[in-house]
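Please treat every number below as a calculation from the coordinates, not as lab data. Bear in mind that the values here come from a model prediction, so they are computed numbers and not experimental data. Cβ coordinates were reconstructed from backbone atoms using ideal geometry, including for glycine residues, and neighbour counts include every protein chain displayed.
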């Protein structure tokens with residue numbers, strides 16, 4: 001079995017059809033490059049939706065994973081291990097928060113933030129029992145659990161999966177006045193993305209995040225920042241909210257927290273919020289396990305030592321300017337921050353992603369008409385220079 005088609009046939013036979021991947025079967029990755037089963041090489045311009053900020057198979061993380069995997073992989077939270085405390089200490093020191101609660105997937109971390117915010121609302125803000133509300137934004141993407149899709153504005157994500165969890169109110173994105181208007185005595189949190197990645201790389205107006213922060217503080221509402229895709233260096237800062245010098249009450253992280261090696265996620269907040277939890281309130285068998293913790297430490301070390309946020313800022317600004325120079329009748333807009341960039345087309349983007357694949361570039365459409373370019377943050381300028389004429393060739397056909 002050595003062809004892409006053979007592996008695709010196998011997957012189609014046994015896998016649920018809940019994804020429509022590009023027709024390529026990858027077998028190896030190193031840095032910013034991946035190879036398919038037929039030996040073709042591609043520049044990864046998706047980074048597993050920003051999980052691979054550190055690149056494929058970063059040797060520092062490989063070494064940490066192999067060392068820990070031969071010692072101890074799982075204890076459950078019934079016992080302590082010698083890695084989780086070190087991981088959470090590094091995570092808190094590097095991000096500036098007092099406490100962290102480790103989970104596995106991004107969606108689990110979002111669910112965790114919702115639970116913590118609700119408990120805070122009842123215990124600290126004295127909201128009436130079962131009346132707590134969280135405000136969310138249209139066009140959001142926070143995961144795929146039934147609670148999360150229940151407050152999605154995307155019809156397909158909801159269709160066939162109801163009924164849904166109450167307690168959420170939806171407002172337009174990039175509209176601080178709508179946030180102020182929506183807040184009432186039962187509002188305990190505002191859950192948002194500083195850039196809507198899955199929604200089409202939607203960048204809000206300058207000052208939006210800062211104004212929302214002021215509104216939340218004024219009304220004693222928790223600002224809950226989903227940085228699963230935008231965090232850990234992707235936009236040119238450790239967190240995207242830092243572009244406006246904002247420190248949210250709760251930050252949700254995942255994806256690049258493990259460098260793509262293992263599902264690792266967490267929420268960050270201070271003691272005044274996290275101390276509402278008591279033993280038995282929340283948990284996860286795998287959350288914060290020793291293997292995940294060792295990987296997380298190494299992943300954070302790479303972000304810090306290789307200055308990935310700074311690289312993303314410098315290269316992202318340059319790359320976005322170069323993309324903006326492409327004169328094509330099908331390009332509607334180029335937007336983004338750091339190395340999270342969307343090229344919105346006036347037509348469906350899928351076929352252009354397939355054409356890019358044929359030229360050795362792996363990108364993926366999002367929100368139907370947007371081609372997302374988000375390479376690993378270790379990418380070199382010369383590699384982006386290699387990609388540019390190929391992107392231009394496809395978009396100017």
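Let me know the shape class of the range 217-267, please: from the alpha-carbon gyration tensor, a ≥ b ≥ c as square roots of the eigenvalues, rounded when a/c is under 1.5, otherwise prolate if a/b is greater than b/c, or oblate.
oblate
7 Å from Cα along Cα→Cβ at both residue 20 and residue 146: what's the point-to-point distance in nm?
Once both label points are built, they end up 2.7 nm from each other.
Between 18, 184, 271, where does the largest GNM mean-square fluctuation fall for the chain, given springs only between Cα atoms within less than 10 Å?
18
Express as a percent, rounded to the nearest 5, the fraction of DSSP beta bridges in the range 144-264 (both residues included) that run antiparallel.
Rounded to the nearest five, the antiparallel share is 10 percent.
Report the antiparallel proportion of the DSSP beta bridges in the chain as a percent, rounded to a multiple of 5.
Approximately 65 percent, going by the DSSP bridge assignments.
Which three lengths, in whole Å and largest first, does the range 162-309 cover when its Cα atoms are put on their principal axes?
45, 38, 34
Could you tell me the calculated FRET efficiency between residue 282 and residue 9, based on Cβ-Cβ distance and R0 = 30 angstrom, to the nearest 0.05?
After rounding to 0.05, the efficiency reads 0.10.
Mean residue ellipticity at 222 nm from the helices of the chain, using -39,500 (n - 2.57) per DSSP H segment of n ≥ 4 over the full residue count, to the nearest 500 deg cm²/dmol?
-10500 deg cm²/dmol
Mean-square fluctuation check for the chain, GNM, Cα pairs under 10 Å: which of 217, 380, 129 is largest?
129
Given an 8 Å cut-off on Cα distances and at least 6 residues of separation, report the relative contact order of the range 135-272 as a percent.
Across the range 135-272, relative contact order equals 19 percent.
Normalised by the number of residues in the chain, what is the relative contact order in percent for Cα pairs under 8 Å and 6+ residues apart?
Relative contact order, the chain: 23 percent.
Between residue 270 and residue 325, how many nm apart are label points set 7 Å from Cα along the C-beta direction?
About 4.6 nm, to one decimal.
Test of understanding: what is the full-extension gain from residue 155 to residue 396, defined as 0.36 nm times their sequence separation minus their Cα-Cα distance?
Full-extension gain reported as 83.5 nm.
Over the alpha carbons of the range 59-305, what is the largest minus smallest coordinate on each principal axis, giving the biggest first in Å?
Computed over the Cα atoms, the extents are 54, 38, 38 Å.
Round to a whole angstrom and tell me the spacing of the C-alpha centers of the range 177-252 and the range 35-112.
Taking the Cα centre of each part, the range 177-252 and the range 35-112 sit 24 Å apart.
Using Cα pairs closer than 8 Å and at least 6 residues apart in sequence, work out the relative contact order for the range 294-366, in percent.
Relative contact order comes out at 20 percent.
Could you give me the radius of gyration and the Dmax of the range 79-118, taking only the C-alpha atoms into account and expressing both in angstrom?
Rg and Dmax of the range 79-118, Cα atoms, are 11.4, 31 Å.
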